[in-house]
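These notes are about the structure you will find just below.
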Amino acid sequence: MKIKLLNARDSTHWNKRKTMIAPQNRKDKQQDSLCEELLRERAAVLSRAGTAVSDAIDRLIRMDREIEKKISFLKALIRNKNKQEILQEKKLICEEINLSIDQFNAICQKAQLQYYYLIVTREALGLRRHEMIQEIYRIPEEKKKIKVI
């Protein structure tokens, strides 16, 4: 009889303890789920900021290649034709190159702004060391226009 009472009392105690633990486990799971969601959101924000900088740098690289092709075409044109024949054509090509340089510089400024946003986002999320970011996202310098001679 005593054993049954002890078992009954222990099982009642265990059931009370079990019901007390269950809400705590539920709270822990909810908190873990919330923390996981916040981490995913932080990662997504950083990813979007990094992608914006990377896309701007890719556009800069493509523009730089186009400008270099135009400059090499201009140099080849100067070498192959008489100076009087190419003066007008040279002016047109130089103007085209300068327009491309203006576009390059505008994209460069946008890339610098996107980089700034990335750094601000990292700072807001508590990330303070940016050395690796500076190495990964190297933004080229703005270009100077060429002069028509």
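The values are calculated or read from the model by the stated rules, or taken from the named source; none is laboratory data. What you see is a predicted model; the values in this text were computed from it and never measured. Here Cβ is always computed from backbone atoms with ideal geometry, including for glycine, and neighbour counts include all displayed protein chains.
A few remarks follow.
- Verdict on I57 being in a helix (DSSP H, G or I) and at pLDDT 90 or above: yes
Let's see how each residue does on (1) surrounded by 15 or more Cβ atoms within 10 Å (Cβ to Cβ); (2) over 30 Å from R138 (Cα atoms); (3) modelled with pLDDT under 95:
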| site | (1), (2), (3) |
| --- | --- |
| L39 | no, no, yes |
| R42 | yes, no, yes |
| V53 | yes, no, no |
| K81 | no, yes, yes |
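- When the residues of the stretch 129-149 are filtered to those that are touching a helix residue (DSSP H, G or I) at 6+ places or on another chain (Cβ under 8 Å) and among the charged types (D, E, K, R), the one that is nearest to A43 (Cα to Cα) is R138.
- Within the stretch 83-105, considering residues that are among the β-branched types (V, I, T) and closer than 19 Å to D64 by Cβ, the one modelled with the lowest pLDDT: I93
- Criterion applied to Q134, Q109, Q114 was being within 29 Å of T51 (Cα to Cα), in contact (Cβ under 8 Å) with a residue 40 or more places away in the chain and not charged (D, E, K, R), and the one residue passing it is Q114.
- On the stretch given as the stretch 97-149, residues that are under 11 Å from the mean Cα position of the chain (by Cα), surrounded by 14 or more Cβ atoms within 10 Å (Cβ to Cβ) and of a type in the set (V, I, T) total 3.
- The condition (being at pLDDT 95 or above and assigned to a helix (DSSP H, G or I)) is satisfied by just one residue among R26, R62, R9: R62.
- Cβ-Cβ under 7 Å pairs, at least 6 apart or on other chains, the stretch 78-102 side among the small types (G, A, S), far side at pLDDT 80 or above: S100/M63; S100/E66; S100/I67; S100/K70
- Subset of the stretch 62-79 [surrounded by fewer than 12 Cβ atoms within 10 Å (Cβ to Cβ) and within 22 Å of Q134 (Cβ to Cβ)]: none
- Matching option when the condition is in a helix (DSSP H, G or I), touching a residue at least 60 places away in the same chain (Cβ under 8 Å) and small (G, A, S), among A52, A43: A52
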